[in-house]
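Written out below as structure tokens is the structure these notes cover.
The values are calculated or read from the model by the stated rules, or taken from the named source; none is laboratory data. Owing to the predicted nature of the structure, the values given are computational and were not obtained by experimental measurement. Every residue, glycine among them, receives a Cβ derived from its backbone with ideal geometry; neighbour counts consider all protein chains shown. Just so you know, the surface numbers come from the protein's heavy atoms only, side chains and all, with ligands and any DNA or RNA stripped out. Shrake-Rupley method; radii C 1.70, N 1.55, O 1.52, S 1.80 Å.
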Amino acid sequence: MYKRALIGVLALGLAACSSSPSADTAAKSEDLKGLSGQIGSKDFAEQYILAHLTTKLLNAHGATLEANTKLVGSANVRQALENKQFVGYWEYTGTSWITYNKQTQPLKTEKEQFDAVLKADEAKSIAWVAPAPFNNTYTFAIRNEKAKELNVTKMSDIAKLPANEKTFCIESEFSTRDDGWPGVSKTYSFDAPKDNVKLLDTGVIYTATKDGKDCNFGEVFATDGRIAALGLTVLQDDKAFFPIYQGGFTLQADVLKSHPKIADVLKPMADKLTTEEMQKLNAKVDVDGDEPDEVAQEWLTSQGLI
């Protein structure tokens with residue numbers, strides 16, 4: 001998985017990719033006839049898959065949408081929604097709350113966090129529908145055999161380790177985020193020497209954690225398919241430090257007003273998207289090398305949604 005919020009990279013090339021209306025998404029109904037435009041995504045596998053899933057499902061109910069997976073950076077995707085260049089895209093409650101609404105204190109339950117974000121974004125003419133069960137939050141992982149050797153199962157176990165074992169691989173953005181390294185290292189009293197913390201690109205962190213030379217503990221995302229594929233153990237966030245990053249579909253409020261059945265169409269799909277299910281879908285792209293468009297088509301068909 002790539003960065004959740006790569007801010008400041010302007011790449012507003014709004015050329016759409018696949019998942020346009022076609023025979024493979026023959027309409028099951030005409031509930032959404034007249035709904036057209038682009039469904040956006042951020043620049044990592046999970047988002048590509050979600051964009052294609054959403055486009056294909058809505059098109060199967062009469063819409064004529066296209067998936068656009070060309071933008072780079074969360075801020076640019078959010079801006080495209082606010083500027084009405086996108087009909088909508090999948091967002092994470094923690095990202096909206098902390099990054100876009102400038103709140104520093106996340107809420108502790110999914111419902112509380114979702115309701116708070118719903119209200120905050122409503123003031124910006126952005127609606128949220130179809131909250132899914134998956135939580136793509138930050139977490140730390142360690143290779144399975146090392147976890148057994150060090151006897152670590154939760155993040156609070158790290159503080160008890162000798163300094164030479166407190167080695168971390170994190171991404172540069174995480175190193176400065178309010179919900180990142182400064183807060184988590186203080187909350188869990190990691191006390192890791194500065195030289196023990198390596199800044200790496202997101203994708204490299206997974207292989208570096210598996211290799212174990214640069215670090216024992218890698219910052220990862222909970223729904224990433226590479227966790228299981230690389231034999232990594234996720235540590236329990238036993239002090240509940242990390243915010244909830246529940247997935248939900250954000251869209252222009254006036255579009256939802258014009259097409260209220262969007263929520264009804266997306267709900268059966270969203271309900272099936274657990275953290276474990278997203279890990280499997282993400283692994284098909286990040287591990288197996290399958291195309292997100294094909295992964296989405298296959299899954300929707302297998303679930304009887306199109």
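Somewhere in the range 112-126, is a residue closer than 22 Å to residue 45 by Cβ and within 19 Å of the chain's Cα centre (by Cα)?
Residues of the range 112-126 closer than 22 Å to residue 45 by Cβ: none.
No, that holds for no residue.
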In the range 87-106, which residue that is open to solvent by 10 Å² or more (accessible area, probe 1.4 Å) and under 15 Å from the mean Cα position of the chain (by Cα) is modelled with the highest pLDDT? 97
Answer yes if at least one residue in the range 137-152 is at pLDDT 95 or above, open to solvent by 30 Å² or more (accessible area, probe 1.4 Å), assigned to a strand (DSSP E or B) and at negative phi, and no otherwise. yes
Of all residues in the range 288-305, count the ones that are open to solvent by less than 70 Å² (accessible area, probe 1.4 Å) and over 13 Å from residue 52 (Cα atoms). 5
Based on this model, can you work out whether residue 84 counts as part of a loop (DSSP other than H, G, I, E, B) and at pLDDT below 95? no
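Being in contact with an Asp or Glu (Cβ under 9 Å, 6 or more places away or on another chain) and either among the hydroxyl-bearing types (Ser, Thr, Tyr) or in contact (Cβ under 8 Å) with a residue 12 or more places away in the chain (or both) is the requirement here; does residue 173 meet it?
On the way: in contact with an Asp or Glu (Cβ under 9 Å, 6 or more places away or on another chain): no; either among the hydroxyl-bearing types (Ser, Thr, Tyr) or in contact (Cβ under 8 Å) with a residue 12 or more places away in the chain (or both): yes.
Answer is no for this residue.
Please pick out the residue among 32, 58, 53 that is in contact with a Gly (Cβ under 9 Å, 6 or more places away or on another chain), hydrophobic (A, V, I, L, M, F, W, C) and open to solvent by less than 10 Å² (accessible area, probe 1.4 Å).
Working: 58 fails: in contact with a Gly (Cβ under 9 Å, 6 or more places away or on another chain); 53 fails: in contact with a Gly (Cβ under 9 Å, 6 or more places away or on another chain).
Selected residue: 32, the only one of 32, 58, 53 that is in contact with a Gly (Cβ under 9 Å, 6 or more places away or on another chain), hydrophobic (A, V, I, L, M, F, W, C) and open to solvent by less than 10 Å² (accessible area, probe 1.4 Å).
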Go through the range 210-239 residue by residue and tally those that are open to solvent by 60 Å² or more (accessible area, probe 1.4 Å) and closer than 21 Å to residue 172 by Cα. 5
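Among the residues of the range 107-118, is any exposed (fewer than 14 other Cβ atoms within 10 Å of the Cβ) and closer than 18 Å to residue 178 by Cα?
Filtering the range 107-118 down to residues exposed (fewer than 14 other Cβ atoms within 10 Å of the Cβ) leaves 108-109, 111-112.
With the extra rule that they be closer than 18 Å to residue 178 by Cα, the set shrinks to 108.
Yes, that holds for at least one residue.
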Subset of the range 155-170 [open to solvent by less than 30 Å² (accessible area, probe 1.4 Å) and free of Cβ contacts under 8 Å to residues at least 40 places away in the same chain]: 161
Between residues in the range 212-232 that are of a type in the set (D, E, K, R) and residues that are part of a strand (DSSP E or B) and open to solvent by 10 Å² or more (accessible area, probe 1.4 Å), which pairs lie under 7 Å by C-beta distance while being six or more apart or on different chains? 214/198
